[in-house]
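Structure first, then comments.
The values are calculated or read from the model by the stated rules, or taken from the named source; none is laboratory data. Note that the structure is predicted; figures quoted are calculated from it, not measured. Here the Cβ positions follow ideal geometry from the backbone for every residue, glycine too, while neighbour counts run over all protein chains shown. We work out accessible area using only protein heavy atoms, side chains counted, and drop any ligands, DNA or RNA first. Shrake-Rupley method; radii C 1.70, N 1.55, O 1.52, S 1.80 Å.
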Amino acid sequence: PGIYVCAKCGHELFSSHAKYEHSSPWPAFTETVHEDSVSKRKERPGALKVSCGKCGNGLGHEFLNDGPKRGLSRF
């Protein structure tokens, strides 16, 4: 339990309350802690490239409509 932070700068990214089990080997989250926790840019249809909202450290992707419930995204 707790808050996941950026490994580079310590900026708060995700809460364990938003974490869920997914078939990928990486942790999966449905939402960020704060609106400015991450920055996003379109990479391809259905996927956004995600970076730390404070320092720009690469965090992976947001997969649109791939969350645990219809309409939710997966980080």
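Just a few scattered comments:
- Whichever residue in the range 1-28 is aromatic (F, W, Y) and modelled with pLDDT of 95 or more and, among such residues, is farthest from P68 (Cα to Cα): Y4
- Members of the range 1-24 that are of a type outside the set (A, V, I, L, M) and under 13 Å from R74 (Cα atoms): F14, K19, Y20, E21, H22, S23, S24
- In summary, strands (runs of 3 or more DSSP E) completely within the range 1-47 and bearing 2 or more residues that are touching a residue at least 40 places away in the same chain (Cβ under 8 Å) occur at 12-15.
- Lone qualifier among R70, R74, R44 - being of a type in the set (K, R) and open to solvent by less than 80 Å² (accessible area, probe 1.4 Å): R74
- Index of the failed condition, K54 passing every other in (1) at pLDDT 95 or above; (2) part of a loop (DSSP other than H, G, I, E, B); (3) exposed (fewer than 15 other Cβ atoms within 10 Å of the Cβ): (3)
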